[in-house]
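Chemist: Below is the structure I would like to discuss, written out as structure tokens.
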Amino acid sequence: MNSLEDLVKPGSQPKRLNNSENFTFTEGPVWDNDSNLYFSDCPTHTTKVLRQSGQFETFRSQTRSGNGMALTHGGELLVCEGVGNKISAVDIQSKSVRTVVNEYNSLPLNAPNDLVLDRFGGIYFTDPVFTHAGSKPQQDAEAVYYVSHENEISRLWSGAYKPNGIVLRPDAESLLVADSFSNIIWCIELSAPGNSRNVYEWGHLEIPNKAYVYDMNGKEIFFPEYPDATLADGMALDTIGNLYVTTQLGIQVLDVKGNLIGILEFPEQPANCAFGGQDMQTLFVTAQTSIYSIDMSTKGLKLPLD
């Protein structure tokens, strides 16, 4: 498969799923085994869920700007809470909440943004600085971290301007990291869980004429000081190894070697995406006020990895 026509089911177009619901800034989609789609509505500090019935519900309130999320094999929903400077874990059944991590070297984290789990129960996450976090950042870098199953945190890498979306490739031997303020997708090769042995530029995204993003109040924010900014955000992988990157221009799709295949366009600027559906052939997209879906010919990588 080497074209968008090969990847998207013939005749399929983005479908807006929340026709009677209004959201503010959607993020962090996660599909579970019971056919529920969880996602964040960042400015309202809530986690929402789209049930199999098609109904939207509020799953949790007071998430402190919940953003990227992931499900564990143990039935917890991990949530990056930017304003809370932490990653929390919510039990899906009881809705009890615990803090997974909130500091590094005894200082508060910046604003955890996105995360992915490995096979050992460890968590890789990005920790950029964003103004909505409120307080002055106390970390000396915008970095990628690893939290082991034993809850020990280590800094993995800090070479991006604004590390954002993060995925673990199927072989679990490398991570791909998006940099919002450049056009680079970085590859972090792993020698062991939480240890990097090499970092390199894996792929390059198409750059918009003028980089801007909508803040959580719907206002355009421009970044003239970063001419290569793509506003790359959340990402997803299919089973072939293609990477789907949400950007200002749409979802940019890169092949297994990091070459750009094409761009999937949406009515609103996408911020994150995840595969789901019974056959894992539906791409769910969070985009500003909406949730979209598009039917794919390729299958998404099922998470968390077994």
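Just so it is clear, none of the values below were taken in a lab; they were calculated from the coordinates. Since the model is a prediction, treat every value here as computed from it, not as a measurement. Note that we place each Cβ from the backbone using ideal geometry, even for glycine, and neighbour counts take in every protein chain shown.
Chemist: Under the Karplus relation 6.51 cos²θ - 1.76 cosθ + 1.60, θ = phi - 60°, what is the ordered set of whole-Hz ³J(HN,Hα) values for region 155-160, x standing for Gly and Pro?
Modeler: After applying 6.51 cos²θ - 1.76 cosθ + 1.60, I find 8, 8, 6, 9, x, 9 Hz.
Chemist: Do the sum for the chain: with -39,500 (n - 2.57) for every DSSP H run of n ≥ 4, divided by all residues, what is the mean residue ellipticity at 222 nm, to the nearest 500 deg cm²/dmol?
Modeler: Using -39500 (n - 2.57) per qualifying helix, the result is 0 deg cm²/dmol.
Chemist: Grab the chain and count how many Lys pairs have their alpha-carbon atoms under 25 Å apart, sequence gap of 8 or more, or different chains.
Modeler: Step by step, the pairs that qualify in the chain add up to 24.
Chemist: Same structure, new question: Across region 77-91, in residue order, what do the Karplus-derived ³J(HN,Hα) couplings come to in whole Hz, using 6.51 cos²θ - 1.76 cosθ + 1.60 with θ = phi - 60° and x for Gly and Pro?
Modeler: So the Karplus estimates, Gly and Pro as x, are 9, 8, 10, 6, 10, x, 5, x, 6, 7, 10, 10, 10, 10, 5 Hz.
Chemist: Modelled label-to-label distance, Asp34 and Ser94, 7 Å Cα→beta-carbon offset: nm?
Modeler: A separation of 1.6 nm, rounded to one decimal place.
Chemist: Grab the eigenvalues of the alpha-carbon gyration tensor for the chain, scale each by 5, take roots, and send me the semi-axes largest first in whole angstrom.
Modeler: Values for the chain, descending: 25, 23, 20 Å.
Chemist: Something else: If R0 is 22 Å, what FRET efficiency do you get for His73 and Ala172 from their C-beta distance, rounded to 0.05?
Modeler: Step by step, r from the Cβ atoms, then E = 0.90.
Chemist: Let me ask something else. Where is the GNM fluctuation largest for the chain (alpha-carbon springs, 10 angstrom cutoff): Asn110, Asn22, Asn67?
Modeler: Judging by the Gaussian network model, the answer is Asn22.
Chemist: If I take every Cα pair under 8 Å that is 6 or more residues apart in the chain, average their sequence separation and divide by the length, what percent do I get for the relative contact order?
Modeler: Worked out over the chain, it gives 17 percent.
Chemist: What is the spin-label model distance, in nm, from Lys219 to Asn102 if the labels are put 7 Å beyond Cα along the C-beta direction?
Modeler: 2.9 nm
Chemist: Collect residues whose amide H, placed 1.01 Å from N in the peptide plane, falls under 5 Å from the amide H of Ala287; neighbours closer than 5 in sequence don't count.
Modeler: For Ala287, the qualifying residues are Thr26, Ala271, Tyr292.
Chemist: Figure the gain on full extension for Glu5 and Thr58 (residue separation times 0.36 nm, minus the Cα-Cα span) and round it to one decimal in nm.
Modeler: So the extension gain works out to 15.5 nm.
Chemist: Residue by residue through region 260-272, which ³J(HN,Hα) values in whole Hz follow from phi under the Karplus form 6.51 cos²θ - 1.76 cosθ + 1.60 (θ = phi - 60°), with glycine and proline marked x?
Modeler: 6, 8, x, 10, 8, 9, 10, x, 10, 5, x, 10, 6
Chemist: To continue, here is another question. Would you pull out the residues with amide H under 5 Å of Leu156's amide H, same chain only if 5 or more places away, H placed 1.01 Å from N?
Modeler: Placed amide hydrogens put Val144, Tyr145, Tyr146 under 5 Å from Leu156.
Chemist: Using 0.36 nm per residue, how much length does the chain from Gln278 to Glu21 gain when fully extended, once their Cα-Cα distance is taken away?
Modeler: This chain segment gains 90.1 nm when fully extended.
Chemist: Pull up all non-local amide H partners of Trp202: gap of 5 or more, or a different chain, and H-to-H distance under 5 Å with H placed in the peptide plane.
Modeler: Amide H to amide H, under 5 Å and 5 or more residues apart or across chains, Trp202 pairs with Ile185, Trp186, Cys187.
Chemist: Which of the GluC sites (Glu not before Pro) found in region 179-259 are in a DSSP loop and have at most 10 neighbouring Cβ atoms, other than their own, within 10 Å?
Modeler: In loop regions of region 179-259 (DSSP not H, G, I, E or B), the sparsely surrounded GluC sites (Glu not before Pro) are Glu225.
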